[in-house]
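Enquirer: Got a structure for you, questions after.
Nothing in this text is a laboratory measurement; each read-out follows from the coordinates by a stated rule. Because the structure is predicted, anything quoted here is derived from the model rather than measured. With ideal geometry, Cβ positions are generated from the backbone for all residues, glycine too; neighbour counts draw on all protein chains shown.
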Amino acid sequence: MAATKPPKKWKMAILVWTAIYPTITILLACLGDYFTQITPLPLRTAAITVIAVPLMVYIILPLLQKAVARWLHS
C-alpha cells in the first residue's frame with residue numbers, strides 16, 4: 001500500500017478553523033451562561049477546551065477530513 005503524503009499545512013489550518021469556529025460558537029451559545037460563572041478566565045478557557053478538543057479530535061475533524069479528502073490531498 002502506497003503511503004499518502006500528509007496534507008499541506010494551510011489546508012489543515014483551514015480545516016481546523018472550519019471545525020473549531022462553529023464548535024466553540026455552539027458551545028458558547030448552549031453553555032455560555034455556565035461558562036461565565038467560572039472564574040478566573042484560565043479556568044473558563046480550560047472548561048471550554050475540555051469539551052471542544054475531544055469533540056474535534058474524535059468526531060468533527062475525522063468527519064470533515066473524510067468529507068474533503070480529495071481536496072485535502074490534492
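Enquirer: For region 53-65, just list the computed ³J(HN,Hα) in residue order, Karplus coefficients 6.51, -1.76 and 1.60, θ = phi - 60°, integers in Hz, with x standing in for Gly and Pro.
Expert: Taking θ as phi minus 60°, the curve returns 5, x, 4, 5, 5, 9, 10, 5, 4, x, 5, 5, 4 Hz for region 53-65.
Enquirer: Still on this model: From the phi of every residue in region 41-49, what ³J(HN,Hα) in whole Hz does the Karplus formula 6.51 cos²θ - 1.76 cosθ + 1.60 yield, where θ is phi - 60° and glycine or proline is x?
Expert: Rounded to whole hertz, the list is 3, x, 5, 4, 4, 4, 4, 5, 6.
Enquirer: Given the -39500 (n - 2.57) contribution per DSSP H run of 4+ residues, what per-residue ellipticity at 222 nm results for the chain, rounded to the nearest 500 deg cm²/dmol?
Expert: Details: 4 runs with 54 residues, N = 74.
Result for the chain, helices only: -23500 deg cm²/dmol.
Enquirer: Now for a different question. Positive end of the charge dipole of the chain (Lys, Arg +1 and Asp, Glu -1 on Cβ, about the Cα centre): tell me which of 26, 46, 14 has its Cα farthest that way.
Expert: 14
Enquirer: What is the local net charge at residue 64, summed over the other residues whose Cβ is closer than 13 Å to its Cβ (Lys, Arg +1; Asp, Glu -1)?
Expert: +3
Enquirer: Could you work out the relative contact order of the chain? I mean the mean sequence separation of Cα pairs under 8 Å and 6+ apart, divided by the number of residues, in percent.
Expert: For the chain, the relative contact order is 51 percent.
Enquirer: Now for a separate question. Between 0 and 90 degrees, rounded to the nearest ten: what's the tilt of helix 9-36 against the longest Cα principal axis of the chain?
Expert: Approximately 20 degrees, to the nearest 10.
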